[in-house]
Amino acid sequence: VILQGWDFPSLLSLYICVRNDRVKLLVKTMGCKVNSYESEAIMEIFQARGYDVAQTEEAREFADVFVINTCTVTHIADRKSRQMIRRFRKNNPQSVVVVTGCYAQTAPSALLDMDEIDLILGNAEKNGLPDIVENFMQNGRRSSDKVRVSDISNVTCFDDTFLISSMNEMSRAFVKIEEGCNRFCSYCVIPYARGPVRSRNKESILHEVAGLVEKGYREIVLAGINTALYGTEDRARFGENALYDLIGALEELPGDFRLRLSSLEPTVIDAAFMKELFCFNRLCHHVHLSLQSGSNRVLSAMRRRYSIEEYLRIIDVIRDFDPNYGITTDIIVGFPGEDEKDFKESLTAVKRCNFSKVHAFQYSDRHGTEAFSIGNKVAAADKNRRLIELTSIAEEIAADFAAGNVGSNAKILIENTESHCGENFGVGYSENYLRTFVPLGAEPFETTAFGGIVDVKIEESRGTDLIAASII
């Protein structure tokens, strides 16, 4: 009589709690480095509660709780999340399925009708996820408030309790320094998903980085929704040059580690600022500098706040400093109103900049953005053709960039091993973010632990990968 109306997933969840077994959790991350960081924080919170955290996809069929940390940058990202939710529920009918992240934040109503989902939580609710999940499991029935998504625009302070102490990766750790964006590019839904700019206290960042370095992490990636905006919301508190000052403070920390910056935005980061960054020895010679289009007309319609000429000035400063400085970028094809001339200007910019990698995307309509209401949409066939052409040219340029590294010395952070043609290699990334294969038989690599940085001589390139001849 007591159990009347309870469904099987709820009964099993209650059984797990009563039996006092360790509940098994699986977290799946979609999208950006900030999501990766926050997924690690979610796992640490659950581990502190006594949960077993599954580390591999193979363990998904045994998970009692499945958390998917979603991305909503494109409609494809939304579709991938829905597919993953359905696939997991089909294989795990007894599990609790929780959807959080940017898709949950911006479109909870689109997820509400999915019977596969138990809980939908916004970005501001992530740090309370264990309490919400445990309350759901202990209630023993479908929650009446399936959706818990607060107005992210009202969040004005960085959540300094939602942090990590380690990461699943053995050698590289992301450190979140900033949250939110106030740029409101006409095509982008992220300001609505992440809210206003909130920056993290410098002392908190230094403390976390010091702890990660002490645990053996050799590369620290400074991540944010718009990293370049770090400290800009409160210059009286953070100073006029907050990002520069932060990197300078990290430069002085003890330990053998290097720093890498995640995505930066032109105009926030200009040519003069890039020159100032070159003084930091820990900072990797790699920057992700989003272009989005090579056409000034399209950039204006995107509300990107810079011209192609301003962007190229930054590129020239970097290339003058180091021709092999890795520059990666994002480019959108098929923005509303983009014609063939605009597209050709993007191709010209790609060739001119000698990017080490281009992340190319088709324009995707996002509800609530200014571009959603713009007419003159580009036909799907034209967007697809342009994407194929851009990707082909970008891959050729990236291969040429990699070839330009042959004969140079490089520092490789070893992360894993791979076998090719009967030979084993250590695999890792150079400072300029090129994947590099190091022969395992080379001395003194055999005594070098994974996660170590080794000095190598680059012998050849294969596509966009590098092959090291020896360790020096």
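The values are calculated or read from the model by the stated rules, or taken from the named source; none is laboratory data. Please read all numbers here as calculations on a predicted model, not as lab measurements. Here the Cβ is made from the backbone with ideal geometry for all residues, glycine too, and neighbour counts use every protein chain on show. SASA here: full protein model, heavy atoms, side chains in, ligands and nucleic acids out. Shrake-Rupley method; radii C 1.70, N 1.55, O 1.52, S 1.80 Å.
A few comments on the model shown:
- Rounded to 10°, Cα long-axis angle of helix 380-403 versus longest principal axis of the chain: 60
- Label assignment, percent of Cα pairs over 38 Å apart derived from the structure, set (1) 29; (2) 18; (3) 34: (1)
- DSSP beta bridge pairing in the chain, given as percent antiparallel to the nearest 5: 35
- Accessible surface comparison of Ser408, Ser300, probe 1.4 Å, protein chains only, largest first: the order is Ser300, Ser408.
- Dipole-positive endmost among Cys181, Leu413, Ile117 within the chain (Cβ charges, Cα centre): Ile117
- Tensor-based shape of segment 39-188 (alpha-carbon gyration tensor, a/c under 1.5 rounded, otherwise prolate or oblate): rounded
- Cα centroid separation - segment 250-313 against segment 376-447, whole Å: 21
- Per residue value of the accessible surface for the chain (all protein chains in place, 1.4 Å probe), Å²: 44
- C-alpha long axis of helix 308-321 to longest principal axis of the chain, angle in °: 70
- Taking a ≥ b ≥ c as the square roots of the eigenvalues of the Cα gyration tensor, segment 57-134 is oblate, since a/c reaches 1.5 or more and a/b is not larger than b/c.
- Charging the Cβ of each Asp and Glu at -1 and of each Lys and Arg at +1, and nothing else, the dipole of the chain about its Cα centre rounds to 1120 debye.
- Working ranking of peptides 327-333, 376-382 by packing, defined as the average number of other Cβ atoms within 10 Å per residue, highest first, is 327-333, 376-382.
- Amide hydrogen proximity for Val53: with H placed 1.01 Å from N in the peptide plane, the residues at 5 or more positions away or on another chain lying under 5 Å are Leu25.
- Longest DSSP-loop-exposure-free segment, GluC sites (Glu not before Pro), the chain, at most 12 other Cβ within 10 Å: 1-239
- Dipole axis of segment 141-260 (+1 Lys, Arg; -1 Asp, Glu on Cβ), positive-most option in Ile220, Cys157, Ala249: Cys157
- Helix 75-91 and the longest principal axis of the C-alpha atoms of the chain enclose an angle of approximately 40°.
- R0 of 45 Å, Cβ-Cβ distance Glu459-Asp145: FRET efficiency to nearest 0.05: 0.15
- Normalised by the number of residues in the chain, the average gap of Cα pairs under 8 Å and 6 or more apart makes the relative contact order 10 percent.
- Under 5 Å between amide hydrogens, built in the peptide plane, is the criterion, and for Met114 it picks out nothing among residues at least 5 positions away or on other chains.
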